[in-house]
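The values are calculated or read from the model by the stated rules, or taken from the named source; none is laboratory data. Fair warning: this is a prediction, and the values are worked out from it, not measured in the lab. A quick note on method: Cβ atoms are made from the backbone with ideal geometry, for glycine too, and the neighbour counts reach across all protein chains shown. Protein only, heavy atoms only, side chains kept; ligands, DNA and RNA dropped before computing areas. Shrake-Rupley method; radii C 1.70, N 1.55, O 1.52, S 1.80 Å.
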Amino acid sequence: MQPNRLACFHRYNFLPEIPGEMRFNASLIESGDGYLLSFRNKWKDSRLFIACLDADLKPTGRWKQLVFPGRWKGHEDGRLFRHNGGLWIAFVGFTGFETSVLYAKINEETLTVEKSYWPQYPGRNKHEKNWSCFSHEGQLHAVYSISPHKIMAFSEPGEGEDPACTIAHETPFTGSWSGGYLRGGASPVLVGDEWWHWMHGSTVQANERRLYTVGVVCFENKPPFRITRYTPEPVDIADPKAMPCGEKSDALFPCGAVLRGDEWLVSHGVQDHWTEIRGYPMAEIEGKMVKHG
């Protein structure tokens with residue numbers, strides 16, 4: 001399928017007053033009559049920014065830098081989501097030696113950070129990323145991995161405390177996916193009784209550059225959150241001919257998804273440099289899905 005390229009944001013035409021060479025890995029979410037777009041501004045020691053878009057996905061000129069406390073040298077790859085009626089963002093904190101997933105509550109009126117948390121996961125790796133957060137019955141959860149399908153549950157943090165998180169549910173992925181190693185992507189979106197998770201795959205090309213692909217996994221809106229359907233083939237793929245190239249990969253990385261009418265709007269990081277919002281007809285995506293299990 002050929003997605004409809006609805007908007008492109010990069011350093012030459014998108015908020016040039018923001019420092020940094022890039023505008024990539026942006027997350028999209030509905031807000032009022034328009035949208036919010038959160039993005040990072042460079043490859044190393046990056047910062048996260050949030051900007052308002054109108055109903056036509058055009059910048060309104062209103063934006064803020066998101067300021068987080070702590071020891072983090074860089075803030076990367078924000079994913080906006082809703083939880084208990086509020087606007088939140090999950091992101092990666094980089095110390096220079098390791099990465100951790102953090103999340104923060106954002107004041108939707110002022111576009112400022114109200115409070116932030118560093119989830120404490122006993123089984124953490126040195127480099128943690130690609131947690132995809134969603135809210136279920138008032139409790140924060142996250143897709144930790146797709147194959148197997150591991151779902152984290154977060155405790156409610158006390159005043160001045162960070163939440164604990166554990167792998168609460170694990171079910172197998174038994175499907176056949178041709179797009180490489182399965183990883184997370186956009187925050188899941190609830191449609192009816194299913195969560196739609198726009199995710200990415202990665203594989204290594206003959207020239208040893210990593211190639212990113214895009215797919216969709218749907219899972220139940222109840223524990224243990226079993227996968228119900230998925231796309232066995234990628235619905236989109238990075239273009240190795242797109243310039244400029246990323247440092248080590250040809251990237252198309254879904255970070256945000258919104259269902260608008262009968263079309264999915266998905267914000268992608270492209271080639272580790274800019275952001276594109278692409279439109280995918282819901283009917284075409286559903287036509288590519290197969291039942292899981």
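Data for the structure
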quantity: Modelled FRET efficiency - R0 35 Å, Asn207 with Arg62, Cβ distances, 0.05 increments; calculated: 0.25
quantity: Rounded, prolate or oblate (a/c below 1.5 giving rounded, otherwise prolate when a/b exceeds b/c) for the stretch 135-184 by Cα gyration tensor; calculated: prolate
quantity: Residues whose placed amide H lies under 5 Å from that of Thr228, excluding near-sequence neighbours; calculated: Cys218, Phe219, Glu220
quantity: 1.4 Å probe accessible area per residue over the chain, in Å²; calculated: 44
quantity: Net charge of neighbours whose Cβ lies under 15 Å from the Cβ of Leu102, counting Lys and Arg as +1 and Asp and Glu as -1; calculated: +2
quantity: Student exercise, the chain dipole from Lys, Arg, Asp, Glu Cβ charges, in Debye to nearest 20; calculated: 700
quantity: Between the stretch 75-101 and the stretch 244-288, the alpha-carbon center distance in angstrom; calculated: 19
quantity: Karplus-derived HN-Hα couplings along the stretch 32-46 (A = 6.51, B = -1.76, C = 1.60, θ = phi - 60°), whole Hz, x at Gly and Pro; calculated: x, 8, x, 9, 10, 10, 10, 8, 9, 10, 6, 7, 9, 6, 6
quantity: Approximate spin-label separation Ser147-Lys115, in nm, with each point projected 7 Å along Cα-to-Cβ; calculated: 3.9
quantity: Sulfur and carbon atoms: percent of accessible area, the stretch 224-293 [1.4 Å]; calculated: 54
quantity: Area of Met243 that stays accessible when all protein chains are in place (1.4 Å probe, Å², to 10); calculated: 140
quantity: Sites Asn125 and Asp33 - FRET efficiency at Förster radius 35 Å, r taken between beta-carbons, to 0.05; calculated: 0.30
quantity: Size of charge dipole - the stretch 1-77 - debye, nearest 20, with Cβ of Lys, Arg +1 and Asp, Glu -1, no other charges; calculated: 380
quantity: Quarter of the Cα convex hull surface for the chain, i.e. its orientation-mean projected area (nm²); calculated: 14.5
quantity: Full-extension gain in nm, Ala55 to Arg260, via 0.36 nm per residue minus C-alpha separation; calculated: 72.7 nm
quantity: Carbon and sulfur %, accessible surface of the stretch 26-144 computed with the full protein complex present, 1.4 Å; calculated: 47
quantity: Unit charges at the beta carbon, dipole of the chain: most positive-side option, Ala164, Tyr12, Trp88; calculated: Tyr12
quantity: Equivalent ellipsoid semi-axes - Cα gyration tensor, the stretch 153-247, angstrom; calculated: 30, 19, 12
quantity: The stretch 191-268 shape via C-alpha gyration tensor axes, a/c threshold 1.5; calculated: prolate
quantity: Cα centroid of the stretch 1-72 to Cα centroid of the stretch 111-125, whole Å; calculated: 21
quantity: Spin-label pair Glu247/Asn4, simplified geometry with 7 Å Cα→Cβ offset, distance in nm; calculated: 3.6
quantity: Inter-label distance, nm, simple model (7 Å from Cα along the C-beta direction), Val290/Glu161; calculated: 4.6
quantity: Label zone at Asn13 (point 7 Å along Cα-to-Cβ), backbone N below 17 Å, the stretch 58-85; calculated: 58-61
quantity: Which of Gly179, Val113, Ser155, positive extreme of dipole for the chain (C-beta unit charges); calculated: Gly179
quantity: The stretch 103-154 - convex hull of the alpha-carbon atoms, volume per residue in Å³; calculated: 107
